[in-house]
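Chemist: Quick one: this structure, given as structure tokens, is what I'll be asking you about.
The values are calculated or read from the model by the stated rules, or taken from the named source; none is laboratory data. Keep in mind it's a predicted model, so treat the numbers as computed, not measured. Cβ atoms come from the backbone with ideal geometry, glycine included; neighbour counts cover every protein chain shown.
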Amino acid sequence: MDIDFSVVLVSLVGICGILWLLDSLLIKKTRLAAVEAYMSGQGKHKGDDERADAVAALAREPLLIEYAKSFFPVLLIVLVLRSFLMEPFQIPTGSMIPTLEVGDFILVNKYAYGVRLPVIGTKIIDVAAPDRGEVMVFIPPHEDKYYIKRVIGLPGDTVRYEGRDLYINGELISKELQGNIQVDTNVGALPGTLYTETINGVEHATQHIDVVGQRRSRTSWVIPNGHYFMMGDNRDNSSDSRVWGAVPEKDIVGKAVAVWMHKEPGLNLPTFSRNQLIN
């Protein structure tokens, strides 16, 4: 079962904040009243040291309140940073190879496409719309989890993909052959080809499998209003909008901007040789 960290974080911030508020409005007054009653009663007849120890014990915050007040500002800062500024994300599959590899840790700009409330995702401030060629994190129509792909089609666009040729609104997207490669798949390595593709003036690498069998029954799509057509750079080994359709604007999470760390599975140490901006 996947754990929604946003829900957990918001819940913890809410619980800690409520406990802090209850202590400020009610519980603290009870402690102060107990101290005052002691000082006007038994405390008058005690020595200074004994009286100080007793007052400290009566005024001491309950452990739960102490923890809540300690963690609340830290959790709140993390919530603000993660919800409105930058969120870390780990690449789980090879659908974006060669741009992003399995084990890459990336930063996702949460305000690039508008400021949204955590958990519910309601946009409260418009900033900008996604553009062709950008790499975007989103929730796909068929599954409630984060995906990452490249924006290919905007609302109203007609996208056509035949063989290895990509057309947007009837215009062939240019690509330059880079060489032959081996493409990792779930049936092993297969011969493939590496290209440099240019969309909206931005160059990025794509790879294709040479063997026949990657043909799809549908090759053309008209993108509805308020939706975006997404494709992986690993063109013949990616589940994307060609399979499950365009992504609604309301399900956008943010713009992928940089790789900040890479870690292979297992007990391997993280490396930083792949640190780079994402094109």
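Chemist: Working only within region 258-279, note down all residues that are in a strand (DSSP E or B), closer than 16 Å to ASP233 by Cβ and of a type in the set (A, V, I, L, M, F, W, C).
Modeler: VAL259, LEU277
Chemist: Which residue, of TYR147, TYR195, is under 15 Å from LYS255 (Cβ atoms) and out of contact with any helix residue (DSSP H, G or I) (no Cβ under 6 Å at 6 or more places or on another chain)?
Modeler: The match here is TYR147.
Chemist: Can you tell me how many residues in region 88-130 are buried (at least 16 other Cβ atoms within 10 Å of the Cβ) and of a type outside the set (A, V, I, L, M)?
Modeler: Total satisfying the criteria: 16.
Chemist: I'd like to verify a number: residues in region 1-58 that are of a type in the set (Gly, Ala, Ser) and within 24 Å of VAL74 (Cβ to Cβ), how many?
Modeler: 5
Chemist: Taking region 45-99, which residues are of a type in the set (D, E, K, R) and more than 17 Å from the chain's Cα centre (by Cα)?
Modeler: Selection gives LYS46, ASP48, ASP49, GLU50, ARG51, ASP53, ARG60, GLU61, GLU66, LYS69.
Chemist: Now, a different point. Against the definition (within 30 Å of ARG31 (Cα to Cα) and either assigned by TED's automatic domain parsing to the domain that holds LYS28 or assigned to a strand (DSSP E or B) (or both)), how does GLU176 come out, yes or no?
Modeler: Against the criterion (within 30 Å of ARG31 (Cα to Cα) and either assigned by TED's automatic domain parsing to the domain that holds LYS28 or assigned to a strand (DSSP E or B) (or both)), GLU176 does not qualify.
Chemist: Of the conditions (1) in a helix (DSSP H, G or I); (2) surrounded by fewer than 14 Cβ atoms within 10 Å (Cβ to Cβ); (3) charged (D, E, K, R), GLU143 clears all except one; give me its number.
Modeler: All conditions are met except number (1).
Chemist: Continuing with the same structure: Is there any pair with a first residue in region 176-187 that is touching a residue at least 40 places away in the same chain (Cβ under 8 Å) and a second that is polar (S, T, N, Q) and part of a loop (DSSP other than H, G, I, E, B) whose Cβ atoms are under 6 Å apart and which are 6 or more apart or on different chains, and what are they?
Modeler: Sorted first by the residue in region 176-187, then by its partner, the pairs are THR185/ASN237.
Chemist: Let me ask something else about it. So which residues in region 40-75 are buried (at least 16 other Cβ atoms within 10 Å of the Cβ) and either modelled with pLDDT of 80 or more or closer than 30 Å to LEU9 by Cα (or both), if there are any at all?
Modeler: Hits for region 40-75 are ALA54, LEU58, ILE65, ALA68, LYS69, PHE71, PHE72, LEU75.
Chemist: Going through region 112-164 one residue at a time, which ones are touching a strand residue (DSSP E or B) at 6+ places or on another chain (Cβ under 7 Å) and on the phi > 0 side of the Ramachandran plot?
Modeler: Passing the criteria: GLY114, GLY133.
Chemist: Assuming LEU21 fulfils every condition listed in (1) touching a residue at least 24 places away in the same chain (Cβ under 8 Å); (2) among the hydrophobic types (A, V, I, L, M, F, W, C); (3) farther than 30 Å from LYS255 by Cβ apart from one, which condition is it?
Modeler: With (1) touching a residue at least 24 places away in the same chain (Cβ under 8 Å); (2) among the hydrophobic types (A, V, I, L, M, F, W, C); (3) farther than 30 Å from LYS255 by Cβ applied to LEU21, the lone miss is (1).
Chemist: Also, I was wondering about something else. Within region 147-173, which residues are at pLDDT below 95 and assigned to a loop (DSSP other than H, G, I, E, B)?
Modeler: Within region 147-173, GLY163, ARG164 meet the criteria.
Chemist: Then there's this: Which one is farthest from ASP240 (Cα to Cα), of the residues in region 182-222 that are aliphatic (A, V, I, L, M) and at pLDDT 95 or above?
Modeler: LEU194
Chemist: Something else: When region 120-139 is examined, which residues are found to be farther than 26 Å from GLY170 by Cα and not in a strand (DSSP E or B)?
Modeler: ILE120, GLY121, THR122, ASP126, VAL127, ILE139
Chemist: Still on this model: Could you check, for region 190-207, whether at least one of its residues is of a type in the set (Gly, Ala, Ser) and over 30 Å from the mean Cα position of the chain (by Cα)?
Modeler: Yes: region 190-207 contains one or more residues that are of a type in the set (Gly, Ala, Ser) and over 30 Å from the mean Cα position of the chain (by Cα).
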